Amino acid sequence: MFALPSARSLLASCRPSTYLLGNVQARIPLLLNPTAAASRAASQLAPRNVKFLKRHKGVLPIPTGGSIKGTTLAFGQWGIRIKGNGARLSAKQLSSVEETIKRKIKVIKGARVWMRVFPDIPVCIKGNETRMGKGKGSFEFWATRVPPGRVLFEIGGVLPIREELAREALRLASAKLPVLTEFIDRSAPPRLGNLLITPELAKEVKLPPAVLRKLS
């Protein structure tokens, strides 16, 4: 004789599994938005959302039109900017530099760090010894293209930071970057690529009036 199932066991068999339902709910954002797989943590440097997760490699921007935007301090008292050629900096490098600066200046109450660049370019990499074709590589990390003369980090705060402490903190930060940098303050002249734009030089090369007003 076979035992007849009870009404409770019949209802339990018809009810969808909680484990399967949880998996389906977790996969719905990925099905609607494939770029949601590259989600970011609260402390991770990454854009909140992007339209396309894969992008062309691109080239470093060069200010050929005479723009000096982003080459002087805007928030802090001291800072570092690129002295040589530009470079592509990864989010991991920028995070490491920011942590180094914060660790050094945390003794000063109200000290702050401003990051003037942000990694919003996805970098895709294919494995070594991979045959050509079969599409682009998979997403690896976020990066940013920084032109020459661009300010990377600034430090400041409510209380003024001594120059000796600022130089030491930014020196340790520069050691973690793959580019040559220079220490600047509020009085540092802007850069046009690798060229320092002084007021005398600006009048000789006949820069735009907006640039001359900023230098005066």
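What follows draws every value from the coordinates through simple rules; no lab data is involved. Note that the structure is a prediction, hence the values are computed from the model and not measured. No Cβ is skipped: glycine too gets one built from the backbone with ideal geometry, and neighbour counts run over all protein chains shown.
The value obtained for the range 135-174, namely the Cα convex hull volume divided by the number of residues, is 124 Å³ per residue. Around the amide H of PHE141, modelled in the peptide plane, lie the amide H atoms of VAL123, all under 5 Å away and 5 or more residues distant in sequence or on another chain. Here LYS102 and ARG131 are evaluated by their C-beta separation; at R0 = 35 Å the FRET efficiency comes out at 0.20.
With r defined as the distance between the Cβ atoms of LEU195 and GLU164 and R0 fixed at 30 Å, what FRET efficiency is calculated, to the nearest 0.05?
With R0 = 30 Å, the Cβ-Cβ based efficiency is 0.55.
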